[in-house]
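I have placed the structure first, in the form of structure tokens, so that the comments after it can refer back to it.
Just so it is clear, none of the values below were taken in a lab; they were calculated from the coordinates. Computed from a predicted model, the values in this text were never measured in an experiment. Cβ coordinates were reconstructed from backbone atoms using ideal geometry, including for glycine residues, and neighbour counts include every protein chain displayed.
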Amino acid sequence: MAAAATCGTGTRSTGSVVVAASRSNVTSFQRRGPRASGTDSGCSRLVSIAGTRPSVRNGQLLVSTGLPVLDQILGGGLAVGTVLLIEEDKYNIYSPLLFKYFLAEGIVTGHTLLVASAKEDPADILQELPAPLLDDNCKQECDEDICNHKTESNIKMKIAWRYQLLPKMEARPVSSSRFGHYYDVSKRIPQELIEASKWHGFFLPEKISSTLNVEPCSLNHGYIKLLQFIQNIIYEEGFDGSNPQKKQKNILRIGIQNLGSPLWGDDICWTENCDSSHSLTKFLYMLRGLLRTSLSACIITVPTHLIQNKAIIARVTNLSDTVVGLESFIGSEKETNPLYKDYHGLIHIRQIPQLNNLIYDVSDVKDLAFKLKRKLFTIERLHLPPDLSDTVSRSSKQDLAESAKLLGPGCGMTARGKKHLDF
């Protein structure tokens, strides 16, 4: 064919090409440069970034939080250029898991990491990241929780409904091109993945000298150092677009742990009328300006239960794009409440960003609870146990009736003592 001749090795003369084109009755016009349908690596077509996908709502580029269920709740994932604020639980047990899921997802997908902490060395945080589940192990983990049957047909009949939403697994390691992965919290991420990844660490005690004279400023010195560090990484490695990345484009995942705590030199947790009440809010304002113009996404954990001034909490929420709160049952009345015996805490979606709009969106899902299993951290809809089942004993019915009175006024409040109204 003439088309094949025009795209050959170029050993034939121009005259023979024209003669061949005239004989086959086709034009001898050639497209300058590589063909659109060719497999040339020099093709100028846009290349998608690994570990991202466009939003079905507004086309915004999304990255996974490391929890596929949380991605679904947030509208598909975390938008690039936004801040995810995690309100830490009271004893800081479960919020570090979400922080580590976000970083582990970045390592699996090949994203660049920036880990900042005033408590732990970033190198030690990376060593404690959960291991990605092999596809066959993930399926086995789901099957162990419900039955011990061998055939797949029996598994489908007995498997819990929440596990049927998991994708079909194959007997091979997880693929970095997939959006969202599952992780085993009982194992640590392989050392080979950490060594193959690119990451930057910011450990506050190493960045600030004890003999340094700090000039009066609206930001404390720790926040200034962190902003400068993030800005240098974004500009030097081309995440802002001003210095185009030589190789394939990539995403910068920023993780900041325990921001606003006394470890960062902030006094908002000490007293209600603190001297640097605007230090944290100004830091978030400047950080969001850096993220808006770069290929980066940030997760921040803040101990909001320690902040004395509630007005500061409101400002921090307004300066964040996505806000997720964790409420642990440890040390509360709900820990011994039979209504919540199947869960370890509640998760509250405080705020979902409505990009390019003046107001933020509100999540349609209100009642969410989480539980930490042997290997998995799961988020489910909160379903109270049935009260009128024939399998429930009379004593357990009375316990549930007494617990229902603690939840608030309602029709159940008409029942007094040991009387129970059956429908």
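Close amide H contacts of His200 (hydrogens built in the peptide plane, cut-off under 5 Å, sequence separation of 5 or more or a different chain): Leu113, Leu114, Val115. Taking amide H as placed 1.01 Å from N in the peptide plane, the amide H of Ala131 sits under 5 Å from that of Asp184, Lys187, Arg188, Ile189, each at least 5 places away or on another chain. Extending 7 Å from Cα along the Cβ direction at Tyr285 and again at Asn58 yields two label points whose distance is 2.2 nm. Taking amide hydrogens as placed 1.01 Å from N in the peptide plane, the amide H of Ser55 sits under 5 Å from those of Gln60, Leu61, Leu62, each at least 5 positions away in sequence or on another chain.
Annotation: extensible slack from Lys119 through Ser186 equals 21.9 nm (criterion: 0.36 nm per residue apart, minus Cα-Cα distance).
3J(HN,Hα) along the stretch 315-327, derived from phi through the Karplus expression 6.51 cos²θ - 1.76 cosθ + 1.60 where θ = phi - 60°, amounts to 5, 5, 5, 5, 8, 9, 8, 10, 10, 10, x, 10, 10 Hz, with x in place of Gly and Pro.
Tell me, what is the percent relative contact order of the stretch 77-131, built from C-alpha pairs under 8 Å that lie six or more residues apart? Taking the mean separation of contacting Cα pairs over the length of the stretch 77-131, I get 30 percent.
In this simple spin-label approximation, Glu380 and Gln231 carry label points 7 Å from Cα along the Cα→Cβ vector, and these lie 4.8 nm apart.
Stretching the chain fully between Ser332 and Lys249 yields a gain of 25.2 nm (0.36 nm per residue, less the alpha carbon separation).
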